[in-house]
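Following: one structure in structure tokens, then a few remarks.
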Amino acid sequence: MKSSIFKSLLISLILGFIPAATFASTIEEHWQAPTSTTAGQLGVIFDDRVDYFYIGALTGAVDDGGYKSVVCSSLDDEKCSKAAYFSFKAMLKPCGSSSEINCIGALTAIKADGSKIAGAFSRYVTTDKTTYWDGSVSDGVPDSRAESLWTFPGLTHAAGSEFLVSSILDGVYKKGITPRFGRLQSIVQPVSEVKDADIQRVRAINTSLNFLTSTDIANLAGWTGGQKGIPSKNCAASDDGICFQREAFPADVKYSISIRLSQSIGGWIHGRMKTPEISIVGSGSSWNIEVSGEPITVPVVAYWGNKTDLSSEIQSAYAARAAATVGVRSGGTSLRYQTNGQFNLEQINLFSLWTPLIKDKASATPKVWMYGSLSADNFASAASGLASAKECVTKAVGLAGLVTTNATIYDGSMPAFDAQAGVLNYKVAAPHYAADGTEFSGTYDLIMKSEVARCIYGFTAAPVSASVEVTSNDGGIKKVATTLLNERNGWLHLGAYGFTFSSPTLRVKLSQAASVPTPTPSATPTPSSKPVAAKKTSITCVKGKTTKKVTAVNPKCPSGYKKK
């Protein structure tokens, strides 16, 4: 996948060390990635809960002998008065009224019997208002607060009743121009509040923008900005001295989150949930985006190794990649790599390099509920994988589709279309074994706008059927235990469950029975006086090693040939 216009610049500082004894836990959500034990090690973590961690930040591109990213408290902040334009990550706040937009409209829990429980906003994870910033209703720029905590009457989890919501909206804004929204992502996670003096809240800081070209500036390219600190001890969010620790989800409950925006989101959504549903309703400057689904178990992986013990292939693959510098208790530092929000084939290939070292087994298998949309440039790049059918999605109005899976690493863009075979190919990767040593079972859900799917395949409005084939690296075909296909409310839903890993390719083939025209009665033909054409016959003629076939009413071999 092509890198996002939100170019990433991360300054990571280790704020404390975690004793190895704290890593062990019978609750999968409490798992903590191990720390480096010796200076100079190289480590990796495949856990997109880390990649989905962002803080709200409003930053201006200020030219001060070279462009810098300056943290702003508002669009009118004096520090940012000379900003050429702004890049923002707005941590959306709960809507205060039915007419408010660019906010969280509703959080809902859906029980197995279909009954719904409306979530109630309780508080933000921090009261430090220096981390908040104000946008502008008139300019269409959202306000930003902090991760919010919610409760559901009558619904609790093993460690309490609070559920954390993090909904981040990327965008860029230049005064006098309508803001351009980029990526929308949302996370729901049960949490408990744990006091911990080592924990500090991650905060935005000023950084250089020397990685942006003059063309980037002219095109209003966005950036993530710098931040002080990194999420530690596997906290879903933090405040100074407080970790909001991830907890297990209650059994048999789905979750739905509604986001109200002044612009609709288009393109493609990917995420972590099972049997997802999506609804986008609105027009003009008022839209409601609702996504629902079941939390899903995802295998996560972390590993540290001495450079001398790692293959040359691993060392060369990571040599030019950005890494976080982490402190080692005994002194010195090591380098840790993560996916940095990249959900693509490159990360799948990198994951395969570590499979032998991790013995094809997950470090932990927590449950997760999250989704994120593709930014505009990532969507355009992904659409190219559809080849001649790419206009089916690039010209589609609004969202084209959504894909979710429990694979550790997956291609977050839309499936590639193989026109010759008539299949949509989707690549995923995960350890073959869960953390407890059992065989891990894969899930895959695809929702595609009906008109987009029919455009890709050239189908009519008649019903379609689907088959899913899972192909392993060695070309073997793996059995899919369950497939599901239905079409409702303008969306085609397909699910495949029960396949195994390490890095299979899912091949989805849609088909439609050819329509048979209804025969129309014809008049009885009248006898014709035309002569009946004479019947032709064929003979075979040979000349040495040359053979010819002659067809005629009265066939004869050419001169020099004999009838065989």
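The numbers here are math on the coordinates, done by the rules we state, and not lab data. Computed from a predicted structure; not experimentally measured. Please note: Cβ atoms are built from the backbone with ideal geometry, for glycine as well, and neighbour counts cover all protein chains shown.
In the chain, Cα pairs under 8 Å separated by at least six residues give a relative contact order of 15 percent.
Counting beta carbons within 10 Å around each of Y85, Y124 and listing the fewest first gives the order Y85, Y124. Inter-label distance, K562 to D360: 6.6 nm, where each label sits 7 Å from its Cα along the C-beta direction. Couplings 3J(HN,Hα) for the stretch 285-295, derived from phi with the Karplus relation 6.51 cos²θ - 1.76 cosθ + 1.60 (θ = phi - 60°), are 10, 9, 9, 10, 10, 10, 10, 9, x, 8, x Hz, where x marks Gly and Pro.
Rounded to the nearest 0.05, the FRET efficiency derived from the C-beta distance between S138 and K195 at R0 = 45 Å is 0.60. Fully extending the segment from N210 to S388 would add 60.3 nm, taking 0.36 nm per residue of separation and subtracting the current Cα-Cα distance.
To make sure I understand, if each residue's beta carbon is the centre and we count other beta carbons within 10 Å, what order do L155, L335 fall in, fewest to most? Display every interim value, and only then the final one.
On the way: L155 15, L335 18.
Lowest count first: L155, L335.
Using 20 Å as the Cα-Cα cut-off, could you pick out the over-long pairs in K254/K367; K111/K233; K361/K509; K89/K195; K274/K367; K116/K254?
K111/K233; K361/K509; K89/K195
For every other residue with a beta carbon closer than 15 angstrom to the beta carbon of A389, add +1 if it is Lys or Arg and -1 if Asp or Glu, then tell me the sum. Spelling it out: positives minus negatives among the neighbours equals +2.
With K and R counted +1 and D and E -1, the other residues having a Cβ less than 12 Å from that of V125 yield a net charge of -3.
Axis of helix 345-354 versus longest Cα principal axis of the chain: the two differ by about 70°, to the nearest ten degrees.
Can you give the calculated 222 nm mean residue ellipticity of the chain, where each DSSP H run of n ≥ 4 adds -39,500 (n - 2.57) and the sum is split over every residue, rounded to the nearest 500 deg cm²/dmol?
On the way: 7 runs with 46 residues, N = 564.
Estimated from H runs of four or more residues: -2000 deg cm²/dmol.
The HN-Hα couplings worked out from phi for the stretch 115-121 by the Karplus form 6.51 cos²θ - 1.76 cosθ + 1.60 (θ = phi - 60°) are 5, 10, 10, 6, x, 10, 5 Hz, whole numbers, x standing for Gly and Pro.
The relative contact order of the stretch 144-228, computed from alpha carbon pairs under 8 Å that lie at least 6 residues apart in sequence, is 23 percent. Taking θ as phi - 60° and the Karplus parameters 6.51, -1.76 and 1.60, the scalar couplings of the stretch 445-450 work out to 10, 10, 10, 9, 4, 3 Hz in sequence order, x denoting glycine and proline. When restricted to Cα atoms, the chain yields an Rg and a Dmax of 29.3, 107 Å, respectively.
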